[in-house]
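Visitor: Please see the structure below; I have some questions.
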Amino acid sequence: MSKKADFVKSISALSNDELVSKIKEDEQRLKKLHSAHALAPLENPQSIRMLKKDIARLKTQLKKVQLGA
């Protein structure tokens, strides 16, 4: 399976509180990556893009849980 499919499958089992904490944690990681990239180029700048997409997937799953879908 692809990384995306594994990630989506793993977050589908998380509760509302776990999703919120994971989103906050990843947003902090994203801020650190942005600041590190501003100081010196990252070895893999695509990691910023992948992290943004993961955060969006988490937020989508959180919305599904909140709506009861």
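Visitor: Looking only at the range 13-26, count every residue that is surrounded by 13 or more Cβ atoms within 10 Å (Cβ to Cβ) and either touching a Ser or Thr at 6+ places or on another chain (Cβ under 6 Å) or without any contact (Cβ under 8 Å) to a residue 24 or more places away in the chain (or both) and tell me the total.
Guide: Let us first name the residues in the range 13-26 that are surrounded by 13 or more Cβ atoms within 10 Å (Cβ to Cβ), namely 14, 18-20, 22-23, 26.
Still in the list and also either touching a Ser or Thr at 6+ places or on another chain (Cβ under 6 Å) or without any contact (Cβ under 8 Å) to a residue 24 or more places away in the chain (or both): 18.
The number of residues fulfilling the criteria is 1.
Visitor: Filtering the range 1-12 down to residues that are over 15 Å from residue 61 (Cβ atoms) and open to solvent by 70 Å² or more (accessible area, probe 1.4 Å), which residue is farthest from the chain's Cα centre (by Cα)?
Guide: Going through the qualifying residues, I end up with 1.
Visitor: OK, next. Can you name the residue in the range 27-69 that is open to solvent by less than 60 Å² (accessible area, probe 1.4 Å) and polar (S, T, N, Q) and is also nearest to residue 15 (Cα to Cα) among such residues?
Guide: 61
The values are calculated or read from the model by the stated rules, or taken from the named source; none is laboratory data. Keep in mind it's a predicted model, so treat the numbers as computed, not measured. Every residue, glycine as well, gets a Cβ built from its backbone with ideal geometry; the counts of neighbours run over all protein chains shown. We work out accessible area using only protein heavy atoms, side chains counted, and drop any ligands, DNA or RNA first. Shrake-Rupley method; radii C 1.70, N 1.55, O 1.52, S 1.80 Å.
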